[in-house]
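The values are calculated or read from the model by the stated rules, or taken from the named source; none is laboratory data. Bear in mind the structure is a predicted one, so any value in this text is a computation, not a measurement. Cβ placement follows ideal geometry from the backbone for every residue including glycine, while neighbour counts extend to all protein chains displayed. Each accessible area value is taken on the protein alone, full model and side chains, heavy atoms only, with ligands, DNA and RNA left out. Shrake-Rupley method; radii C 1.70, N 1.55, O 1.52, S 1.80 Å.
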Amino acid sequence: RLSTGDRMRSWGQGQGCLFCGEPNETRDHLFFACPYTFTLWIEVVGTLLGRPPDPDWGSTLEHLTTHSFGYLGYILLRLVFQATIYMVWRERNDRRHLKKPRQHHQLAKIIDKTVRNRLLATRYWEKQRLRDLMQEWYKTHT
């Protein structure tokens, strides 16, 4: 129920994509058909998907929900997916409210730091099943 451009258009306010200028901003475009957000997604997901990322929202969700990932990989994939969605939405709103736009590699660094901070907050090293979590994160981003 995000107030993307297509929903706002139904309220009588048109809005295009603030990242690439596409006149029809939809959820599917924003996550990850837009060249800006797709480039960001490629950068932050690394090799966690086990295949090249797809810009199609439905295909991405289907792969995330139906593909069997390893235990640690699945934890990392959920974290990076949630952080990416949040940061894309936040950057979109920042641009909408005339804050200085950031490049995708700047957002990628923020997402990486967010994931690492979350991993540290779980005190993963104290839990047997999570001991290799940080190593797995670094391994997928080299």
Out of all the residues in segment 90-104, is one or more open to solvent by less than 60 Å² (accessible area, probe 1.4 Å), under 10 Å from the mean Cα position of the chain (by Cα) and closer than 28 Å to THR122 by Cα?
no
Residue in segment 95-102 that is part of a helix (DSSP H, G or I), out of contact with any strand residue (DSSP E or B) (no Cβ under 8 Å at 6 or more places or on another chain) and at negative phi present:
yes
Quick one: in segment 115-142, of everything that is β-branched (Val, Ile, Thr) and more than 16 Å from GLY70 (Cα to Cα), which residue is most open to solvent (accessible area, probe 1.4 Å)?
THR142
Condition first: part of a helix (DSSP H, G or I) and either among the β-branched types (Val, Ile, Thr) or crowded, with 19+ Cβ neighbours inside 10 Å (or both). Now tell me which residues in segment 44-72 satisfy that.
VAL44, VAL45, THR60, THR65, THR66, LEU72
For the condition over 16 Å from HIS141 (Cβ atoms), in contact with a helix residue (DSSP H, G or I) (Cβ under 9 Å, 6 or more places away or on another chain), not small (Gly, Ala, Ser) and not in a loop (DSSP other than H, G, I, E, B), what is the one hit in ILE75, ILE110, ILE85?
ILE85
